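The values are calculated or read from the model by the stated rules, or taken from the named source; none is laboratory data. Not measured: the values here are computed from a predicted model. Glycine also receives a Cβ, built like all others from the backbone with ideal geometry; neighbour counts cover every protein chain displayed.
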Amino acid sequence: MIPGPAGAADAAALAALHAEAFPPAETWGPDAIALMLGMPGAFGLWVPGAGFVLARAAGGEAEILTLAVRPPARRRGLGGALLAGALAGAVARGAAAMFLEVAAGNAAARALYAGQGFVEVGRRRRYYPDGSDALVLRRVLTGPPAGK
């Protein structure tokens, strides 16, 4: 599966995927997704019906806004492909580092990000609606990933 570009016109389909991938209190609707994609430096990649990533790059830094994979499409390499595409997109937009937040209890996502060289640089207490913490992760985009 090779992700292609996602734009504001895809917001309804992206919102449907997001609703399948996250708990109801954490889902983003089509308006929120279209707004995110309209921000300066924002970009999206997706595999229709399977998953997507939204990211943005500005001022030499980038961040993953969300990465969503439908449960039936998980454990097949799509998350890694989406992440790789976001990293490449960030580099193409001049970013030297990528940041993201991940739920402290999301072992699968944490393993995905660690495998791509992300390291913990902070913690946001009670970040998610359920009261769980978010870990702030960072990866340098110049040179090889940390630990490689």
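Couple of notes before you dig in:
- Scoring residue 116 on the criteria (1) at pLDDT below 95; (2) in contact with a strand residue (DSSP E or B) (Cβ under 8 Å, 6 or more places away or on another chain); (3) more than 19 Å from residue 56 (Cα to Cα) leaves a single failure, condition (3).
- Out of 77, 38, one residue alone is small (Gly, Ala, Ser) and at negative phi. It is 38.
- Residue ID - surrounded by the fewest Cβ atoms within 10 Å (Cβ to Cβ), chosen from residues in the range 100-124 that are in a strand (DSSP E or B) and within 12 Å of the chain's Cα centre (by Cα): 101
- In the range 116-127, the residues that are within 12 Å of residue 104 (Cβ to Cβ) and among the hydrophobic types (A, V, I, L, M, F, W, C) never reach a residue that is modelled with pLDDT under 95 and in a loop (DSSP other than H, G, I, E, B) with C-beta atoms less than 7 angstrom apart, at least six apart or across chains.
- Just one residue in the set 44, 85 is within 19 Å of residue 11 (Cβ to Cβ) and in contact (Cβ under 8 Å) with a residue 60 or more places away in the chain; that residue is 85.
- Filter pass, residue 97 being small (Gly, Ala, Ser), in contact (Cβ under 8 Å) with a residue 40 or more places away in the chain and surrounded by 18 or more Cβ atoms within 10 Å (Cβ to Cβ): no
- Which numbered condition residue 86 misses (of (1) modelled with pLDDT of 90 or more; (2) outside any strand (DSSP E or B); (3) farther than 21 Å from residue 43 by Cα; (4) out of contact with any helix residue (DSSP H, G or I) (no Cβ under 9 Å at 6 or more places or on another chain)): (3)
- Candidates 81, 107, filtered to the one that is at pLDDT 95 or above and not acidic (Asp, Glu): 81
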